[in-house]
1. Taking the alpha-carbon distance from Lys70 and a cut-off under 27 Å, which lysines remain once sequence neighbours fewer than 8 residues away in the same chain are dropped?
2. Say the dipole of the chain comes from +1 at the beta carbon of Lys and Arg and -1 at that of Asp and Glu; which of Cys64, Val113, Ala14 then lies farthest toward its positive end?
3. Determine one quarter of the surface area of the Cα convex hull of the stretch 1-125, which equals its mean projected area, and express it in nm² to one decimal.
4. Kyte-Doolittle mean at least -1.0 and Cα extent at least 20 Å along the axis: which DSSP H helices of the chain qualify?
5. What is the Cα centroid distance between the stretch 8-47 and the stretch 68-86, reported in whole angstrom?
6. What number comes out for the charge environment of Asn126, summing +1 per Lys or Arg and -1 per Asp or Glu over other residues with Cβ under 14 Å away?
7. Can you list residues from other chains, or at least 5 along the same chain, whose modelled amide H is less than 5 Å from the amide H of Leu61?
8. Can you give the longest run of the chain that contains no GluC sites (Glu not before Pro) sitting in a DSSP loop with at most 16 other Cβ atoms inside 10 Å?
Amino acid sequence: MKYGIGDSKLDALASVAKKLNRKLRYHDEIVFLTDNDPHSLYPFYVLKELKENNFFHLITLSHCDLDAVKRSNLYHQLLSDNSALNSLFYYDSNRALKALGEPTTIRKAYSYVKKELEGIIISTLNEIYET
C-alpha cells in the first residue's frame, strides 16, 4: 500500500482540490474527522494550502505505536504543518492502549476509545459551532 506523494488517492484529491475548495462557502467551519490512518488526513492535507476565508478544525486520533514506521512517519509528516488550523483535537491512541493494559483485543480497544470519544467529540463540535 502506497502512502503520501505518489499515492493515487492523494493524487486524485489533489487534482480536484481547487474545485472542492470552491464548493466551500465563505466563512464556513470545516471539521475534518480523521482516524489514525494517514489516508484519512488527505482531504485536510490538500485543502489546507487553499484555505482562504474558512475556519479549519481537525479532530484526529494519533498513530499507534504498533503501526509500521513508514505509516507513522507519513502520519507525522501530514500533520507537521498545522498553521491552517483554527483548532486541533488530538486523541492519543497509545494512552488508551496503556489504560487497557495487556493483554487486550482490538474489540476492547475500539469499545474503550469509542466510549471515551463519544461525548468529547459532540461537545467539541458544539463549541466550534457556537463560536
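1. Answer for Lys70, where 27 Å is the Cα cut-off: Lys2, Lys9, Lys48, Lys98, Lys108, Lys114, listed by chain and number.
2. Ala14
3. Mean projected area of the Cα convex hull: 8.4 nm².
4. Membrane-span-like by this rule: 106-130.
5. First find each Cα centre; the distance between them is then 14 Å.
6. -4
7. Thr34, Asp35, Asn36, Tyr91
8. Longest site-free region, per DSSP loop and neighbour criteria: 53-131.
Readers should treat all values here as calculations from the given coordinates under stated rules, not as data from a laboratory. All values reported here derive from a predicted model rather than from experimental measurement. Note that we place each Cβ from the backbone using ideal geometry, even for glycine, and neighbour counts take in every protein chain shown.
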